[in-house]
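Below: one structure, written as structure tokens.
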Amino acid sequence: MSANTSRQPTGDSDLSSGPGQAAPSADGTPGTAGGATRKVVDGSGRSAHRFWSSRRIPAALAALLSAAAVGFLLYDVVAVRAGRNAMHWRRRLAEELATRPLDDVWMIVGAAVAMALGLWLFLLAVTPGLRRLLPMRQPTGNSGTEDVRAGLDRRAAELVLRDRAVRVPGVQSAQVDVGRRKAKARAQAHFRDLEEVRADLDAELGEAVTSLGLARQPTLAVRVRRPKKG
């Protein structure tokens, strides 16, 4: 397309649609692409939850360190019971714990490290993880599919929406960030009116978000601006 077909915007050079704005559909009625977040449930009424990470590496490290520490201490206790002297490290540790005050710097540092490690393990235990996977709608109406779960990678969703965005006439480049609750699209339009480009992007990306089949449809926010002059 030649530069002669471009039209200068009549308003601001940077337009954005907030999460509460919806794009009109083809028949002129307001759409639902930018509306409130919808959470789809399956036929049994259960909501589609996030995938839980097995977290094999943290679990293996915690198990190995715990087993090594307990085994080392148990060996020393058995050696003492057998009539041998306790290891130097255990005698030194018992002496330090008995003589150092609670407000000592090393006591505070050790307590802080232990608390941070315990908090990290607790967060790993109660949070699902796998934030890169977006749960998809569970199939309904077919027998034997109640336990079927599918997920969509965030990067794949972002690539799909970005490809749909650059198809809109006037869009020079686009960048899309997809989260669990929001999908943010930033585009640069080198011709056409910015308001028209934003409306077309709302409609195009709203349809694309719906076609992804996500269990929790993210709220769509679109921002359009002119490219910077070099």
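The values are calculated or read from the model by the stated rules, or taken from the named source; none is laboratory data. In this text the structure is predicted, and so the values were computed from the model without any measurement. Reconstructed Cβ throughout: ideal geometry from the backbone, glycine too, with neighbour counts over all protein chains shown. Areas reflect the complete protein model, heavy atoms only, side chains present, ligands, DNA and RNA absent. Shrake-Rupley method; radii C 1.70, N 1.55, O 1.52, S 1.80 Å.
With respect to being closer than 27 Å to P58 by Cβ, open to solvent by 50 Å² or more (accessible area, probe 1.4 Å) and not charged (D, E, K, R), L124 falls outside the description. Taking segment 158-190 as the range and being charged (D, E, K, R) and either assigned to a helix (DSSP H, G or I) or within 24 Å of the chain's Cα centre (by Cα) (or both) as the test, the residues that pass are E158, R162, D163, R164, D177, R180, R181, K182, K184, R186.
Here is a yes/no grid of residues against (1) part of a loop (DSSP other than H, G, I, E, B); (2) modelled with pLDDT of 90 or more:
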| residue | (1), (2) |
| --- | --- |
| I108 | no, yes |
| A112 | no, yes |
| L130 | yes, no |
| L134 | no, no |
| A156 | no, yes |
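Of the residues examined, L15 is one that is assigned to a strand (DSSP E or B) and either at pLDDT 70 or above or under 37 Å from the mean Cα position of the chain (by Cα) (or both).
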